[in-house]
Amino acid sequence: MSKNPITGTLPVSIGNLSASLQEISAHSSGIRGTIPNGISNLSGLFTLALYGNDLTGSIPNTIKGLQKLQGIDVGNNKLQGSITNDLCQLPKLNGLYLGYNQLSGSLPACLGNITSLRRLDLSSNKLTSTIPASLGKLKDLLLFRARLNSFHGNLPSDIGNMKILTKLDLAYNNFSGDIPGSIGDLQYLVGLSLEHNDLMGTIPETFRYLVSLETLDLSQNNLSGVIPMSLDKLPYLKYFNVSYNKLHGQIPSGGPFENFTSQSFLPNEALCGATQFGVRPCKTNSVDQLKKLRKLVIICVSSAISLVVLVLTFVLLWIRCQKDKRPPVEIDLQPVAEHRKIAYQEILEASNGFGESN
């Protein structure tokens, strides 16, 4: 049925189809009307793909009857109402695509109980709640996209528990507060989009651990502080945008920053760095120079002391070796013994053998 110019509606009798039916794929088919409640009778359904149509109404509560359902894609329709809690009763759901509809209200906290969920797309709706901290329980989530809504409040630090997340897109909302440092735990994250919010505080130093990151967009916020110099160590970073914030200090110039232009930094007037960034050159800091000089002096003095100690040690060892090479002093007693024998003979001769004539 996909991409066929069907202009009708989904019949109420759809629930009379075989319970062994595993897939309904009717995307981009011009289907109007609502999703029938009777669809819950298709208990063997694995996939429900109805995106790109003109469906209206709400997601039926009876959808909880599809216990084998693994994928729901009803994006790009005109669905209204709230996101029903009944979706939380689908234990095998791994893909939930609700983007580009007119859904409103809050995001059910119970979505965090669908631990099989790997992809969640809520983009371009009218959702107005905070992001429930319970979503941090979705440890197998690969994609979380909720841009173009009216979400507000702080970003939950529990996002850092989504250890294998590759795409996080929360742009164009009303989030405030600091960016959680726990996002730095997402070492498989490829894309991070937080632009067009009311985020404050600094860019977390923990972002240096985002070793898989390719795109980072923090533009159009109220961020202050400096750009962490460690970001120039991110090996795959291709797109970086912090424009329209309140940042100051030096822009990193190594690694991926060699390929960035002024479009990434304007109009942060307090920034400085290379001319390619469209900012003023950084002034030499006398305090930094003094610290560098002091460090150099310490290194030189330490090296000199080490050299003197080494030379003295060598000299002492050489002197000791020279002493060990001298031959031992031998006392010759032979001349003394011979002298005693000669003296005795002379006495005998002189005394004529000690005879009586003497």
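Could you tell me whether residue 139 is surrounded by fewer than 21 Cβ atoms within 10 Å (Cβ to Cβ) and either closer than 30 Å to residue 54 by Cα or in contact with a Gly (Cβ under 7 Å, 6 or more places away or on another chain) (or both)?
Considered against the rule, which asks whether it is surrounded by fewer than 21 Cβ atoms within 10 Å (Cβ to Cβ) and either closer than 30 Å to residue 54 by Cα or in contact with a Gly (Cβ under 7 Å, 6 or more places away or on another chain) (or both), residue 139 comes out as no.
Condition test on residue 252, is it surrounded by 10 or more Cβ atoms within 10 Å (Cβ to Cβ), assigned to a helix (DSSP H, G or I) and either assigned by TED's automatic domain parsing to the domain that holds residue 221 or at pLDDT 80 or above (or both)?
Taking the combined requirement at face value, the residue does not satisfy it.
Within the group 165, 192, 213, 199, which residue is in a loop (DSSP other than H, G, I, E, B), closer than 30 Å to residue 104 by Cβ, of a type in the set (A, V, I, L, M, F, W, C) and at pLDDT 95 or above?
165
Name the single residue, out of those in region 168-189 being part of a strand (DSSP E or B) and closer than 21 Å to residue 117 by Cα, that is nearest to the chain's Cα centre (by Cα).
The residue in question is 168.
When the residues of region 67-105 are narrowed to those that are crowded, with 21+ Cβ neighbours inside 10 Å and of a type in the set (Gly, Ala, Ser), which ends up farthest from the chain's Cα centre (by Cα)?
Ranking the qualifying residues of region 67-105, first place goes to 75.
Can you tell which of 297, 311 is modelled with pLDDT of 75 or more, over 29 Å from residue 211 (Cα atoms), part of a helix (DSSP H, G or I) and not basic (Lys, Arg)?
Testing whether each residue is modelled with pLDDT of 75 or more, over 29 Å from residue 211 (Cα atoms), part of a helix (DSSP H, G or I) and not basic (Lys, Arg) leaves just 311.
Scan region 51-62 for residues that are crowded, with 20+ Cβ neighbours inside 10 Å and over 14 Å from residue 32 (Cβ atoms) and jot them down.
51, 59
Residues of region 255-265 being surrounded by fewer than 20 Cβ atoms within 10 Å (Cβ to Cβ) and either part of a loop (DSSP other than H, G, I, E, B) or among the aliphatic types (A, V, I, L, M) (or both), which ones?
Listed by number, the list holds a single entry, 261.
So that you can scan it fast, the table gives a plain yes or no per residue for (1) surrounded by 22 or more Cβ atoms within 10 Å (Cβ to Cβ); (2) in the same structural domain as residue 92 (by TED's automatic domain parsing); (3) in contact (Cβ under 8 Å) with a residue 60 or more places away in the chain; (4) in contact with a Phe, Trp or Tyr (Cβ under 7 Å, 6 or more places away or on another chain):
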site	(1), (2), (3), (4)
115	no, yes, no, no
118	no, yes, no, no
143	no, yes, no, no
152	no, yes, no, yes
156	no, yes, no, no
160	no, yes, no, no
168	yes, yes, no, yes
202	no, yes, no, no
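So, in region 1-60, exactly how many residues are of a type in the set (S, T, N, Q), under 40 Å from the mean Cα position of the chain (by Cα) and at pLDDT below 95?
Count: 4.
So that you can scan it fast, the table gives a plain yes or no per residue for (1) polar (S, T, N, Q); (2) surrounded by fewer than 19 Cβ atoms within 10 Å (Cβ to Cβ); (3) closer than 25 Å to residue 269 by Cβ:
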residue: 191; (1), (2), (3): no, yes, no
residue: 208; (1), (2), (3): no, yes, no
residue: 220; (1), (2), (3): yes, no, yes
residue: 225; (1), (2), (3): no, yes, yes
residue: 238; (1), (2), (3): no, yes, no
residue: 244; (1), (2), (3): no, yes, yes
residue: 247; (1), (2), (3): no, no, yes
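The values are calculated or read from the model by the stated rules, or taken from the named source; none is laboratory data. Just so it is clear, the model here is predicted, and its values are computed rather than measured. Here the Cβ is made from the backbone with ideal geometry for all residues, glycine too, and neighbour counts use every protein chain on show.
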